[in-house]
Each structure stands twice: as C-alpha cells, then as structure tokens.
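> Could you have a look at this structure, given as structure tokens, before my questions?
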Amino acid sequence: MELKKIAYMKHILPLILALCLFTNCSKDEASSKDYTYYYPTDEAAITNENIPGSTEAFDPKGIAISKEKLYVINGNVLEIFDALTLAHIKTIKEYTKGSTTIPLTSLTSVSVDNGRIYVGSTESRLFVFDETTNAGISTVGNGQWWQTFVHVFGVVAKDGLVFVKEKEKNIKVLDATQITETSDWNLKPIAKLNTLNGFTEVYSMDVSDGNLVVAGRDAKSYLYYNIANIKANAATSLTTPIEPQKVQFVDIKPIAISFSKDWAVTSENVGSTSYLKLYSKSEFNKMNYNTVLSVSDILGQNPFGTIVATAQLDDRIFLSDNTNKKIRVIKLNKSTIAEQNN
C-alpha cells in the first residue's frame, strides 16, 4: 500500500506544480482589467428658433445625415442644417421640376442615398430630389391613396433599392433605377414585405449587413429582411409578401433604428418611458440585444419624449424628439476604468 501511495504521489506532484505555476501566471495577467463604458451628455438642441423666419411650431419626424448635412422632416417642409455647426442652410417647401410645382404636405420621412433625397408623405407620394441642387427629379405616386401608395409612413434608400412603408402592413420595394427624370409616377414595386402589424404609424428603417431592419413598434420586435432573399423571391412576394425574422419582445416597442459605423442607434418605448439605446452593430445584426447604453434622460435630467428617428455623426447622436418638439443633439462620451486586483 505504501509503495502504491508513493507511486501515486510521484505522478501527481508534477501536476500540482504545473497547476500552481498556471495559477500564479493567471494572477499576474489578471492583476488589472480595463472596463469601458459610454454615457451621453447634452450638447445642443434644434428648435424653430434655429430656423430664420419660422413662425410654425417645430414638428420633427424623420431625419437623415449625408455629407455632413442634417435633413429634418418638419411638418410640411424639409429643413437642411449643417450637421457640424447646426446652422440652418435651407427650407424646402415644394417640389419643382420644369413647370411643375407641388407643395410639400404631411411629410413623414427622409432618406439620402447615391445623390438623391427621398421624402415620404402621407399624401401618398414619394418625392425625389437631387442632393446637390435640390431640384426635383421625379415623384412616385400622384396623391391618390388608391393608386401607387396607400400613404407613405417611412422610406429608406440603400444599395440601389428603395423601401417604402405604407399604411397597415406593407413595405413596397422599388429599384432605384426605376426612378428617372422621365419615369412614370405609377411605378410598380419589384417586391413586397409584410411588417406583421401596423396601421398609420411613422416607421423607421435602415439597412445593415445585407438586411433591411425595421423598428417594428406594433410587432414589438425588430424586423429583419434579408436583401438577397428579397431579390431571389421578388416575383412571388408580389402575391405573398415576405415575412421577417424577429425576436419577440414582451414590453418593448422599438420606435427608431439607424446604423452608424459601430452602433445600432435605437429608441424604444417601455410603457410611457422612452429610451435611447446603443447596441454593438455586429451583435445587433445577429439579433443579440445586449445594450452598451440604455438611458431615458441625460444624467437624471431632461427626460426624452417619443424619439421617432435617430442618426449619428462622429460622437454626436441626433434624436428627433417629437414630443418635446426639438432635435436633441447628444454627445457620446467614452470612459475607461482600470480595475486593480491585489
């Protein structure tokens, strides 16, 4: 028995020694660890006071940023600001092309892509402007709800496609090449998508990692539509609209979504409280919803109203706070704390 015990100890002692060495090394490597966290601070706000000569109440809805310009839907007009200085650049009140002039009314949404500005209206029209000159290029829909669109409650253009959310559960997909200076107003969609729920709410959408992502406020989920799948099943979707992939929430109603270089910038309502939330874009695209930032106010003050649209430029986050009638400009701050382990 004694010989067996000696032999056993002879084999086990080297393992114990190796384990001790590994443990000591691990302690040295874990002597400190950096934790990074983000927090927002108020930087500025845009209201009707920032618009020279404005006498109307500010009614911000959809927003978009392109080439350091901020585009804001404001009731019946499109406002353009310098996204860096916040100086007002221009108010667009009407669509003009040649001898045709159409006043802008009941606007909901804006998107800028490939040199064009797309503006949606619940008057069942999509207006398309040149980004540089702001001249009219074309209109899709003629203002009659039983024609091309049954109102327009959201638009996003990206990578050659134009996604138009209309009343109830429909998103119509157009190819951007369909829209030209001589194209007909009654364009036929190349595909249709089903948002599962919805009626007359303004919808926020953006494109990331090969997916159209919709803030499905009524479906209580983010809705993902794979763009390759949309193209592959475009013809059949005109009869049976494509349904999304989603993770079902219980109490969360996503209201707004936009993607920046690193983040999915969202707003969500939980009961009567509105939250600004940041997710890692790569994780969000995998439907992993672990927030990097989740706040309903700024450092305990100035609570958010309903944020109907979001955008980011560098360390600034732009929030279209329709309840409080302003564009809130939030600075995203980063801090690193080194934790020492003794």
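The values are calculated or read from the model by the stated rules, or taken from the named source; none is laboratory data. Here the structure is a predicted model, which is why all the values come from computation and not from measurement. Methodologically, a virtual Cβ is constructed for each residue, glycine included, from the backbone with ideal geometry; neighbour enumeration extends over all protein chains shown. Side chains included, ligands, DNA and RNA excluded: accessible areas come from the protein's heavy atoms. Shrake-Rupley method; radii C 1.70, N 1.55, O 1.52, S 1.80 Å.
> Quickly run through region 297-312 and pick out the residues that are open to solvent by 30 Å² or more (accessible area, probe 1.4 Å) and either of a type in the set (Ser, Thr, Tyr) or modelled with pLDDT of 95 or more (or both).
Listed by number, the residues that qualify are 297, 303, 306, 312.
Residue by residue, here is whether (1) within 23 Å of residue 321 (Cα to Cα); (2) within 17 Å of the chain's Cα centre (by Cα); (3) surrounded by fewer than 14 Cβ atoms within 10 Å (Cβ to Cβ); (4) in contact (Cβ under 8 Å) with a residue 40 or more places away in the chain holds:
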position: 100; (1), (2), (3), (4): no, no, yes, no
position: 121; (1), (2), (3), (4): yes, no, no, no
position: 126; (1), (2), (3), (4): no, no, no, no
position: 135; (1), (2), (3), (4): no, no, yes, no
position: 140; (1), (2), (3), (4): no, no, no, yes
position: 145; (1), (2), (3), (4): no, no, no, no
position: 149; (1), (2), (3), (4): no, no, no, no
position: 153; (1), (2), (3), (4): yes, yes, no, yes
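> Could I ask something else about it? Which members of region 288-342 meet the condition of being of a type in the set (Lys, Arg) and closer than 19 Å to residue 65 by Cβ?
Within region 288-342, 316, 326, 328, 331 meet the criteria.
> Of these, 306, 310, which one is under 18 Å from residue 213 (Cβ atoms) and not aromatic (Phe, Trp, Tyr)?
Step by step, each of 306, 310 is checked, and only 310 is under 18 Å from residue 213 (Cβ atoms) and not aromatic (Phe, Trp, Tyr).
> Give me the residue from region 180-201 that is open to solvent by less than 40 Å² (accessible area, probe 1.4 Å) and among the hydrophobic types (A, V, I, L, M, F, W, C) and, out of that set, farthest from the chain's Cα centre (by Cα).
Step by step, filter region 180-201, then rank; the result is 187.
For (1) farther than 25 Å from residue 331 by Cα; (2) not aromatic (Phe, Trp, Tyr), each residue gets a yes or a no:
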site: 39; (1), (2): no, no
site: 50; (1), (2): no, yes
site: 83; (1), (2): no, yes
site: 94; (1), (2): yes, yes
site: 110; (1), (2): no, yes
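> Contact list please: Cβ distance under 7 Å, first residue in region 190-208 and among the hydrophobic types (A, V, I, L, M, F, W, C), second residue surrounded by 24 or more Cβ atoms within 10 Å (Cβ to Cβ) and not in a strand (DSSP E or B), pairs at least six apart or on different chains.
202/153
> Would you mind finding the one in 202, 173 that is assigned to a loop (DSSP other than H, G, I, E, B) and within 23 Å of residue 259 (Cα to Cα)?
Working: 173 fails: assigned to a loop (DSSP other than H, G, I, E, B).
Only one candidate passes the filter, namely 202.
> Return the residues of region 56-105 that are outside any strand (DSSP E or B) and of a type in the set (Gly, Ala, Ser); say none if nothing qualifies.
If the condition is that a residue be outside any strand (DSSP E or B) and of a type in the set (Gly, Ala, Ser), then 57, 75, 83, 87, 98, 99 are the ones that fit.
> Filter region 109-124 for residues that are of a type in the set (Asp, Glu) and within 15 Å of residue 137 (Cα to Cα) and give the result.
Across region 109-124, the qualifying residue is only 113.
> Inside region 46-89, can you point out the residues that are open to solvent by 60 Å² or more (accessible area, probe 1.4 Å) and either closer than 17 Å to residue 137 by Cβ or under 19 Å from the mean Cα position of the chain (by Cα) (or both)?
67, 68, 69 - these are the residues of region 46-89 that are open to solvent by 60 Å² or more (accessible area, probe 1.4 Å) and either closer than 17 Å to residue 137 by Cβ or under 19 Å from the mean Cα position of the chain (by Cα) (or both).
> I'd like the full set of residues that are surrounded by 23 or more Cβ atoms within 10 Å (Cβ to Cβ) and in contact with a Gly (Cβ under 6 Å, 6 or more places away or on another chain), limited to region 203-219.
Scanning region 203-219 gives 203, 205.
> May I pose another question? Only one of (1) over 21 Å from residue 37 (Cβ atoms); (2) without any contact (Cβ under 8 Å) to a residue 40 or more places away in the chain is not met by residue 287, so which one is it?
Result: residue 287 fails condition (2) only.
> Could you check, for region 106-117, whether at least one of its residues is open to solvent by 50 Å² or more (accessible area, probe 1.4 Å), under 23 Å from residue 81 (Cβ atoms) and either modelled with pLDDT under 95 or assigned to a loop (DSSP other than H, G, I, E, B) (or both)?
Within region 106-117, one or more residues are open to solvent by 50 Å² or more (accessible area, probe 1.4 Å), under 23 Å from residue 81 (Cβ atoms) and either modelled with pLDDT under 95 or assigned to a loop (DSSP other than H, G, I, E, B) (or both).
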